[in-house]
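See below for the structure under consideration.
The values are calculated or read from the model by the stated rules, or taken from the named source; none is laboratory data. Because the structure is a prediction, the values reported are computed rather than measured. In this analysis, Cβ positions are derived from the backbone assuming ideal geometry, glycine residues included, and neighbour counts consider all displayed protein chains. When the accessible area is computed, the model is the full protein with side chains, heavy atoms only, and any ligands, DNA or RNA have been set aside. Shrake-Rupley method; radii C 1.70, N 1.55, O 1.52, S 1.80 Å.
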Amino acid sequence: MDLKHLEDIPQYYPYLWHHHGYPRYQFSARDVRTGVTWICYGQEKSATNTPIFLTYLAQHLQACGVDLTQTTFQIDNGTEWIGPATKTDPEPTLFEQAVAAFGATYQTIPPGQCTYQSDVEAMHRLIEDEFYDHEDYQSRRHLCQKAYTYVTYFNTQ
């Protein structure tokens with residue numbers, strides 16, 4: 001799982017700054033065995049949005065018959081997932097609580113080792129090149145419809 005900043009995509013920038021309501025972040029997950037990808041959008045990079053994304057994804061996986069007790073979610077060390085590095089509070093973050101609620105586990109990559117996230121980062125590069133750099137949107141809803149179509153195409157090609 002990873003978070004993609006959308007404000008640094010030149011083609012997308014005008015939508016973000018000149019129109020109301022376009023998302024600033026893409027929350028992404030990619031299965032390393034099958035390559036299947038899921039995305040969700042958010043206005044903020046926060047410790048609230050990451051467990052919401054995980055919950056949507058976990059409920060979908062359960063509905064498809066996936067045993068989440070056999071599932072490990074891999075994340076980077078971002079504060080939106082596990083809190084600040086200087087965290088002294090022993091309470092689990094909302095993301096950690098959500099993972100536990102579904103009976104799954106998670107692991108973080110070693111600090112500074114971005115190559116451990118290469119599957120999801122490769123998908124981020126492809127979605128930027130093939131989708132954000134080429135599409136136009138009439139509304140936020142139109143963006144979501146086109147993103148759904150793109151991810152369906154991506155997952156079936």
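Under the Karplus relation 6.51 cos²θ - 1.76 cosθ + 1.60, θ = phi - 60°, what is the ordered set of whole-Hz ³J(HN,Hα) values for region 89-96, x standing for Gly and Pro?
These are the phi-based 3J(HN,Hα) values: 6, x, 5, x, 5, 4, 4, 4 Hz.
Could you identify which residue out of Ala147, Ala58, Ala122 has the top mean-square fluctuation in a GNM of the chain using Cα springs shorter than 10 Å?
Ala122
Which of Ser139, Pro10, Thr156 sits closest to the plus end of the dipole of the chain, meaning its Cα is farthest towards the positive end, when Lys and Arg get +1 and Asp and Glu get -1 on the C-beta?
Of the listed residues, the answer is Ser139.
Antiparallel versus total DSSP beta bridges in the chain: what percent is that, nearest 5?
Details: 10 of 14 bridges.
Once the DSSP bridges in the chain are tallied, antiparallel ones form about 70 percent.
Using a 1.4 Å probe on the protein heavy atoms, what percent of the accessible area of region 88-140 belongs to carbon and sulfur? Write down the numbers at each step before the final one.
Values: 1610 of 3260 Å².
Taking all protein chains in place, region 88-140 shows 49 percent carbon and sulfur surface.
Once you mark the trypsin sites (Lys or Arg not before Pro) that are in a DSSP loop and have at most 12 other Cβ atoms within 10 Å, what is the longest gap between them in the chain?
88-157
Have a look at Tyr12, Tyr137, Tyr22 and tell me which one the Gaussian network model of the chain (Cα, springs below 10 Å) gives the largest fluctuation.
Its mean-square fluctuation being the largest, the pick is Tyr137.
Calculate how large, on average over all directions, the projected area of the Cα convex hull of the chain is; give the answer in nm² to one decimal. Kindly include the intermediate steps, with their values, before the conclusion.
Details: hull surface 39.4 nm².
Here the figure is 9.9 nm², rounded to one decimal.
Using a simple charge model, +1 on the beta-carbon of Lys and Arg, -1 on the beta-carbon of Asp and Glu, nothing else, what dipole does region 1-137 show about its Cα centre, in debye to the nearest 20? Spell out each step's value before the answer.
Working: 7 positive and 19 negative charges, 64 e Å.
In debye, rounded to 20, region 1-137 gives about 300.
Quick one: which residues, 5+ away or cross-chain, put their amide H under 5 Å from the amide H of Tyr41? H built at 1.01 Å from N.
Result for Tyr41 returns Phe27.
With all pairs of different alpha carbon atoms counted, what Kirkwood hydrodynamic radius in Å does region 109-157 show?
So the Kirkwood estimate lands at 12.2 Å.
Starting from the Cα of Ser118, step 7 Å toward the Cβ, then list every residue of region 33-53 with an amide N under 16 Å from that point.
In region 33-53, the label zone of Ser118 (backbone N under 16 Å from the point 7 Å along Cα→Cβ) covers 33-35.
How large is log10 I(q)/I(0) at q = 0.24 Å⁻¹ when the Debye formula is applied to the Cα atoms of region 15-103, each weighted equally and without solvent?
Log-scaled intensity ratios, in q order: -1.29.
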